[in-house]
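K.L.:
I'd like to ask you about the structure that follows.
The values are calculated or read from the model by the stated rules, or taken from the named source; none is laboratory data. Since we're looking at a predicted model, the values are computed, not measured. Every residue, glycine as well, gets a Cβ built from its backbone with ideal geometry; the counts of neighbours run over all protein chains shown.
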Amino acid sequence: MSSFYLMVTVLTALMVLDVQMPAVSPIETLLVGEEGESSSISWPLVEGTSGGIERINEILEYKNVTGESIDEIVTNYRMYGAGIVGSSFVVNWMNAEYLDLQITVETLGAYPSQMVFNFLFNLETGEEVTAEDLFMEEQITDLVKLCDHELQNRITDQIEDEFTFTETDLNQLGMRRSGIVFHYDFNFPHASAAMEPDGELFFSWNVLNEFLLPEARH
């Protein structure tokens, strides 16, 4: 092997080693009620060397997501045992460019419920990824039609209300190793939540490549 190719090989290896994946660690907050009952808040903290880490953590700040501060949650749980009573998160997928995570917040009022927040971040900028970042403008109309067709296939005859996938819904997106998922929220009331169709519309890279910007294709 020539010295030139040996140098290229070594430099490539060093570049790969230099790309460090961020770590997503839980921040745990204990909730304790007046009678000793307890629960916990588990919240993501993103750490690493990527340029957008500080911005990601700003977006993920507890009050920015839920509308309430941790202190308010702790106080409400101690006094009333209601409101936000717990939370957890999961990293759905991550590579050197993107971080996809989901936060689930448990609430208790007249009945138990939950709020689900999905985030897809660009690790370099720290901003949430939008459809405009990934898809060609001239293909948006056909992409919406594709998603709406899949959505209608999920809706059974027992559901009387009409639901339509729109261009706005394209921004509720996530990323997986094998494709992209659009999160459609049917927002059924608690009484009929069991009838709510699956709103996770997944499409493989092979299906989406014709809609994606050249730099986003797989």
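K.L.:
Could you identify the single residue in Tyr111, Tyr77 that is among the aromatic types (Phe, Trp, Tyr) and touching a Leu at 6+ places or on another chain (Cβ under 9 Å)?
P.N.:
Tyr77
For every residue, the table says whether it meets (1) of a type in the set (Ser, Thr, Tyr); (2) farther than 30 Å from Ser87 by Cβ; (3) surrounded by fewer than 16 Cβ atoms within 10 Å (Cβ to Cβ).
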site	(1), (2), (3)
Ile103	no, no, no
Met115	no, no, yes
Val129	no, no, no
Asp148	no, yes, no
Glu160	no, yes, yes
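K.L.:
Being surrounded by fewer than 12 Cβ atoms within 10 Å (Cβ to Cβ) and modelled with pLDDT of 95 or more: is that true of Glu137 here?
P.N.:
Yes; evaluated as a whole, the condition is true for this residue.
K.L.:
Can you tell me how many residues within the stretch 58-89 are free of Cβ contacts under 8 Å to residues at least 60 places away in the same chain, surrounded by 15 or more Cβ atoms within 10 Å (Cβ to Cβ) and not in a loop (DSSP other than H, G, I, E, B)?
P.N.:
Residues flagged as free of Cβ contacts under 8 Å to residues at least 60 places away in the same chain, surrounded by 15 or more Cβ atoms within 10 Å (Cβ to Cβ) and not in a loop (DSSP other than H, G, I, E, B) within the stretch 58-89 amount to 15.
K.L.:
Then there's this: For Phe135, state whether it is in the same structural domain as Val65 (by TED's automatic domain parsing) and either closer than 22 Å to Thr166 by Cα or more than 20 Å from the chain's Cα centre (by Cα) (or both).
P.N.:
Numbers: in the same structural domain as Val65 (by TED's automatic domain parsing): no; either closer than 22 Å to Thr166 by Cα or more than 20 Å from the chain's Cα centre (by Cα) (or both): yes.
Spelling it out, it is not the case that Phe135 is in the same structural domain as Val65 (by TED's automatic domain parsing) and either closer than 22 Å to Thr166 by Cα or more than 20 Å from the chain's Cα centre (by Cα) (or both).
K.L.:
Restricting attention to the stretch 180-198, and to residues there that are touching an Asp or Glu at 6+ places or on another chain (Cβ under 6 Å) and modelled with pLDDT under 95, which single residue is surrounded by the most Cβ atoms within 10 Å (Cβ to Cβ)?
P.N.:
By that ranking, first place goes to Phe186.
K.L.:
Kindly list the number of the only condition in (1) over 18 Å from the mean Cα position of the chain (by Cα); (2) not assigned by TED's automatic domain parsing to the domain that holds Glu35 that fails for Ala110.
P.N.:
Exception for Ala110: condition (2).
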